[in-house]
Structure formats: C-alpha cells, structure tokens
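Chemist: This is the structure, below, for whatever I ask next.
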Amino acid sequence: MDLGHGRIAWLFADTLIDPSGKHDRHGAAFIRNSIAIQNGYDPASASIRFYWGRKGGGPASFFPETQAEWYWPGGGTLVKGRLILFLMRVRAATGGLGFEAFGSAAALIDNPDAAPSEWRSQVCSIPENARGVVVGSGSSLAEGCNLYAFGSAEPAATHDIYVNRWPLSSALQGRFDVPQWWAGESRWTDQSPPQWPARISLSGGQTEFTVHFSARFHCYLEFQTVGFGPAVVAMRSAIHLTGPWSAPRAIFTPPERNRPRKP
C-alpha cells in the first residue's frame with residue numbers, strides 16, 4: 001500500500017518473531033498481525049523496517065487481540081492524509097483450518113507519515129451482516145466523495161465478492177455504522193432496512209485481493225491467486241468498479257509452485 005513519498009506499507013497477518021535474529025521458527029514468538037514500512041520504490045535499493053506491539057516484555061500483535069478474537073489486516077487506502085485500514089475479525093473454529101473470519105472493523109490512523117510505532121489510531125466498529133461478508137477483506141479505494149470496500153462472503157467455496165461504500169466525510173470521522181451495498185443497475189442500498197437486495201460483484205474471488213484503477217488501460221484491475229497452496233496469480237478487468245468483471249486470467253506462475261514439498 002503506497003503511503004506516498006517513497007513509503008510502502010506491508011501488512012501481515014500471523015507472524016513469527018524470532019528474538020535471536022537468526023530467522024529461525026523454533027522458539028519464535030507467534031503474533032496475529034504486524035506491519036512493515038519499505039522506504040524506496042525500487043526493491044533493489046529500498047530499505048524495510050518491521051513493527052509489532054509489545055506486551056509483558058515480549059512481542060505482541062500490532063493491533064491487539066482479545067481472548068475471543070483477533071485481527072488480520074484487509075484493504076487499506078490513504079485519504080486526505082489519513083490512513084483507513086480495514087481489519088478482519090477472526091476467531092477459533094472447529095473443523096476446517098481451525099479459524100473463521102466472521103466480521104470487520106476499520107482502523108483510522110491520523111498520522112500515517114510517522115513511524116507505525118508512533119501512529120495515533122482508533123479502531124471503529126462495522127456492523128455484522130446476514131450475508132456473512134467480511135467487509136473490506138479484499139481491497140478498498142476512495143473515489144469522488146465515497147470510500148469503497150470489497151469483501152468476501154465467508155465461509156464459502158465460491159468466495160462471492162460484494163462492494164460496500166460510505167461517504168468520505170463519515171469514514172474520516174470513524175463512522176462505519178451505516179454501510180451501503182451495491183444493488184446492481186447503479187443502485188446502492190442501506191444495510192438495514194434494505195430497499196433492494198445486495199448484488200454479488202464477482203464470484204470465484206478470494207478473501208484477500210487487490211483492486212485498483214489503471215490509467216494506462218482505462219479500467220479497473222483485480223488481482224488474486226487461483227488455487228490453494230500451488231496457486232497461480234490471476235487478473236480480471238472491469239470498466240466499472242462494481243463490474244461486470246472479466247473471467248480470471250492467469251498471468252504468473254510462481255516457480256515454487258511445482259517444487260516438491262519438504263517433509
């Protein structure tokens with residue numbers, strides 16, 4: 001996520017912190033989220049610094065968890081000098097991978113130009129919804145007078161993607177309590193009571209993905225992986241951010257995809 005002035009924010013979910021500095025998983029502390037700031041747009045010459053919280057003399061999640069749930073970072077965007085970062089609310093679950101994303105929150109950061117250790121932030125609530133959509137899990141962007149967020153219905157094999165929006169004036173005040181849902185045909189509807197049913201923007205998505213407008217191609221581009229484990233990077237395009245979106249097209253196969261797994 002570009003913070004401007006050559007600074008790029010990297011957002012991580014589950015993170016291992018090795019206090020020895022030897023990059024060894026054994027004995028490393030396990031935290032739920034962390035952040036890094038890259039200085040410089042060219043990876044060959046850029047520097048990077050990692051940030052996390054502290055608790056009881058040891059590493060802790062940057063955005064603290066409670067006993068019942070924790071946060072994983074979703075989409076984020078810089079708006080009028082402030083950073084709005086969506087957070088997935090996650091909890092332990094039986095079966096599957098042992099966890100489930102069930103809701104969302106938004107962190108409003110007043111001074112993103114500072115080091116993350118000095119950020120002044122507040123976490124704002126987003127109401128849960130009957131569709132099970134984790135609002136903002138994928139990507140967010142500001143256009144015109146609105147903030148838009150893409151989120152995936154969870155848990156679901158199809159990963160249907162919905163689009164929400166808020167007036168920028170409300171979002172910058174930390175007011176995310178009245179999300180609007182795209183309802184098709186250029187219509188938007190309040191969550192409660194809905195005037196029209198919300199419409200799926202695209203199917204076959206992913207919990208985490210990116211969407212941005214390409215000035216070069218004069219359209220919106222969506223990037224995600226296809227497959228679980230040995231996956232490929234795929235891209236879709238659309239004239240409007242709500243779709244209709246093209247079918248995903250594989251654009252990159254990581255060379256590690258075909259490596260045998262180590263025991």
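Values in this text are rule-based calculations from the coordinates and carry no lab data. Remember, predicted model here, so these are calculated numbers, not experimental data. Glycine also receives a Cβ, built like all others from the backbone with ideal geometry; neighbour counts cover every protein chain displayed.
Chemist: How far, in nm, would the chain grow between SER203 and ARG7 when pulled straight, counting 0.36 nm per residue and subtracting the alpha carbon separation?
Modeler: Details: separation 196, 0.36 × 196 = 70.56 nm, distance 3.30 nm.
Stretched out fully, the SER203 to ARG7 stretch lengthens by 67.3 nm.
Chemist: Going by Cα centres, the stretch 131-161 and the stretch 54-85 are how many Å apart?
Modeler: One Cα centre to the other: 18 Å.
Chemist: Can you bin the stretch 74-139 into rounded, prolate or oblate? Criterion: square roots of the alpha carbon gyration tensor eigenvalues sorted a ≥ b ≥ c, rounded for a/c under 1.5, prolate for a/b above b/c, oblate for the rest.
Modeler: Numbers: a/c = 2.83, a/b = 2.02, b/c = 1.40.
The shape class here is prolate.
Chemist: What net charge do the residues around GLY205 carry, taking every other residue with its C-beta under 12 Å from that of GLY205, with Lys and Arg at +1 and Asp and Glu at -1?
Modeler: Details: positive: ARG236; negative: GLU154, ASP160, GLU208, GLU222.
So the surrounding residues net to -3.
Chemist: Shifting gears a bit: What chymotrypsin sites (Phe, Trp or Tyr not before Pro) in the stretch 1-48 are in a loop by DSSP, with at most 16 other Cβ atoms within 10 Å of the Cβ? Don't skip to the end; give the middle numbers.
Modeler: Values: sites: TRP10, PHE12, PHE30, TYR41; in loops: TYR41.
Those satisfying the criteria are TYR41.
Chemist: Fully extended, how many nm does the chain gain between ASN258 and ASP190 (0.36 nm per residue separation, minus their Cα-Cα distance)? Numbers along the way, then the final one.
Modeler: Values: separation 68, 0.36 × 68 = 24.48 nm, distance 4.60 nm.
Extra length available between ASN258 and ASP190 comes to 19.9 nm.
Chemist: Ok, one more. Sort out for me the Cα centre separation of the stretch 222-248 from the stretch 165-181, rounded to whole Å.
Modeler: Spelled out, the Cα-based centre of one part sits 26 Å from the other.
Chemist: For the chain, what's the relative contact order in percent, using C-alpha pairs closer than 8 Å and at least 6 residues apart?
Modeler: Details: 600 pairs, mean separation 25.2, N = 263.
Averaging sequence separation for qualifying contacts and normalising by length gives 10 percent for the chain.
Chemist: Taking R0 as 35 Å, what's the FRET efficiency between HIS23 and THR158 from their Cβ-Cβ distance, rounded to 0.05? Each step should come with its number before you reach the end.
Modeler: Numbers: r = 38 Å, r/R0 = 1.08.
That pair, HIS23 with THR158, gives E of 0.40.
Chemist: Count charges around ILE37 for me, please; just the other residues with Cβ under 13 Å from its Cβ, Lys/Arg as +1, Asp/Glu as -1.
Modeler: Its environment carries a net charge of -1.
Chemist: What full-extension length gain, to one decimal in nm, is calculated for GLU143 and LYS55 as 0.36 nm per residue of separation minus the Cα-Cα distance?
Modeler: Working: separation 88, 0.36 × 88 = 31.68 nm, distance 3.84 nm.
Difference between extended and current length: 27.8 nm.
Chemist: Put a dot 7 Å past each Cα toward the Cβ at ASP177 and PHE102; how far apart are the dots in nm?
Modeler: Inter-label distance under the simple model: 2.2 nm.
Chemist: Can you give me the distance in nm between label points at ALA46 and LEU16, each placed 7 Å from the Cα along the Cα-to-Cβ direction?
Modeler: Simple spin-label model gives 2.4 nm for this pair.
Chemist: Next up: Could you check the simple spin-label distance between ILE251 and VAL226, using points 7 Å along Cα→Cβ, in nm with one decimal?
Modeler: For the pair ILE251/VAL226, the computed spacing is 1.3 nm.
Chemist: Can you give the calculated 222 nm mean residue ellipticity of the chain, where each DSSP H run of n ≥ 4 adds -39,500 (n - 2.57) and the sum is split over every residue, rounded to the nearest 500 deg cm²/dmol?
Modeler: Numbers: 1 runs with 4 residues, N = 263.
One gets 0 deg cm²/dmol as the mean residue ellipticity at 222 nm.
Chemist: Right, next: Set the Förster distance to 30 Å, then compute FRET efficiency between ALA92 and ALA36 from the Cβ-Cβ distance, nearest 0.05. Could the numbers behind the result be given before it?
Modeler: Details: r = 26 Å, r/R0 = 0.88.
Given R0 = 30 Å and the Cβ-Cβ separation, E is 0.70.
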